[in-house]
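Heads up, the thing below is written out as structure tokens.
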Amino acid sequence: MNDSKISVRYAKAIFKLAVEQKKLSKINDDMKLIFGTCKNDMFKEFLHSPIISISKKQEVLKSLFTGKVNKETLSLLNILAQNRRETYIELVSMNFFTFYREYLGIKEVTLTTVNPISLDYKEQIINILKDTFKSKIDLKENVDKDIIGGFVLKIEDQEIDASVATKLNTIKKELTASDF
């Protein structure tokens, strides 16, 4: 079965359960914790290890997350390990976030600039995007010196690249392609 289909099915199941039990916000918090834990290289290595038994993985997941996540989330982790799908935990949480944002009408936006932007400027951008897309905005900021100046705005799967680096590369390509 396709990796994305597997993670989507588990994410959809926990999402529907969260909605039914009116625990959407709490389980979203659980998924944030799990997603953050999945960023740890040792944890990833543990999940992907074929040497560690399923029962040991279940035991470690239980000890790691008991008292920190809801019982439904703990049950999901147990089922993932039991079905030998523990390597999909990070993808399941990412797909859960997608369902969560869609359900609440939130657009995920990433703004990349050379320097951090001020709070006032950030609020202006959020308000413009709210008006444009008629939805809530979750704005994440990145700082990247390589863009030289300008900005790159990514709204879900669309990207507006107004960076100086891209403009310079375009000019360079045009100059090298022209017959002087």
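Among the residues of region 80-94, which ones are assigned to a helix (DSSP H, G or I) and either without any contact (Cβ under 8 Å) to a residue 40 or more places away in the chain or in the same structural domain as Lys134 (by TED's automatic domain parsing) (or both)?
Across region 80-94, the qualifying residues are Ala81, Gln82, Glu86.
Residues of region 130-148 being of a type in the set (Lys, Arg), part of a helix (DSSP H, G or I) and surrounded by 11 or more Cβ atoms within 10 Å (Cβ to Cβ), which ones?
Result: Lys130, single match.
Could you pull out the residue among Lys26, Lys57, Lys71 that is more than 19 Å from Ser4 (Cα to Cα), surrounded by fewer than 17 Cβ atoms within 10 Å (Cβ to Cβ) and touching a residue at least 12 places away in the same chain (Cβ under 8 Å)?
Lys26
Would you mind finding the one in Lys57, Lys122 that is within 22 Å of the chain's Cα centre (by Cα) and charged (D, E, K, R)?
The unique qualifying residue is Lys122.
How about region 18-73: which of its residues are among the aliphatic types (A, V, I, L, M), part of a helix (DSSP H, G or I) and under 27 Å from Tyr103 (Cα atoms)?
Ala18, Val19, Leu24, Ile27, Met31, Leu33, Ile34
Of everything in region 95-107, what is in a helix (DSSP H, G or I) and either surrounded by fewer than 17 Cβ atoms within 10 Å (Cβ to Cβ) or of a type in the set (Lys, Arg) (or both)? Give them in sequence order.
Hits for region 95-107 are Thr98, Arg101, Glu102, Tyr103, Leu104.
Filter region 149-180 down to residues that are surrounded by 11 or more Cβ atoms within 10 Å (Cβ to Cβ) and in a loop (DSSP other than H, G, I, E, B) and give me whichever is modelled with the highest pLDDT.
Filtering first and then ranking leaves Gly149.
Is it the case that some residue within region 54-69 is touching a helix residue (DSSP H, G or I) at 6+ places or on another chain (Cβ under 8 Å), on the phi > 0 side of the Ramachandran plot and assigned by TED's automatic domain parsing to the domain that holds Val8? Steps first, please.
Taking region 54-69 as the starting set, the residues that turn out to be touching a helix residue (DSSP H, G or I) at 6+ places or on another chain (Cβ under 8 Å) are 54, 57-58, 60-62, 64-66, 68-69.
Next cut, on the phi > 0 side of the Ramachandran plot only: none.
No, the conditions are met nowhere in region 54-69.
The values are calculated or read from the model by the stated rules, or taken from the named source; none is laboratory data. These numbers were taken from a predicted model, which means no experiment stands behind them. With ideal geometry, Cβ positions are generated from the backbone for all residues, glycine too; neighbour counts draw on all protein chains shown.
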